[in-house]
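The values are calculated or read from the model by the stated rules, or taken from the named source; none is laboratory data. Given the structure is predicted, the values throughout are model-derived calculations rather than measurements. Here the Cβ is made from the backbone with ideal geometry for all residues, glycine too, and neighbour counts use every protein chain on show. Calculation scope for accessible area: heavy atoms of the full protein, side chains included, ligands and nucleic acids excluded. Shrake-Rupley method; radii C 1.70, N 1.55, O 1.52, S 1.80 Å.
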Amino acid sequence: MSGTGLLVALVAFGCVTGMAAGLLGVGGGILMVPFLTLVAGLPQHQAEATSLLVVLPTAVVASLTLRRRGIGDLGTALRFGVVGSAGGAAGALLALELPGDTLRLVFSGFLALVGARIVRDAIRAPR
């Protein structure tokens, strides 16, 4: 996919990703990285870096929207943010050391584990 079709797909998917992030509280990377690799044809490293750049404004806007409604713990968020920033730098450096195919397998494994845990918890939840 290229040209105008890709631009339209990116804009549409960006809106869907932003809505999903606000609705589900998920990081945009869970949706964005597969889209960028499978549809837009970006290499894994580039898709992950692009996703991280997209997450910042999306998270800020969704967080402010929820915060205006009195939802969210700013102190906890800031503490996680400080520690997460250090972890993010370390993770980015590690990602750069891995070949693209290995990074894609690690990402896929992470998604599979998270998906399995969510399904397990939903099955065990009281009704």
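A few remarks follow.
- Residue-normalised accessible area of the stretch 46-89, given per residue in Å² at a 1.4 Å probe: 77 Å²
- Modelled FRET efficiency - R0 25 Å, residue 82 with residue 61, Cβ distances, 0.05 increments: 0.75
- Length released on extending from residue 13 to residue 116, taking residue separation times 0.36 nm less the Cα-Cα span: 34.6 nm
- For the stretch 1-57: rounded, prolate or oblate by the Cα gyration tensor [a/c cutoff 1.5]: oblate
- Surface share of carbon and sulfur [accessible, 1.4 angstrom probe, percent] for the chain: 73 percent
- As a ratio to 2.2 N^0.38 Å, the alpha-carbon radius of gyration computed for the chain takes the value 1.17.
- Folded to 0 to 90 degrees: helix 28-38 orientation relative to the chain principal axis, Cα: 10 degrees
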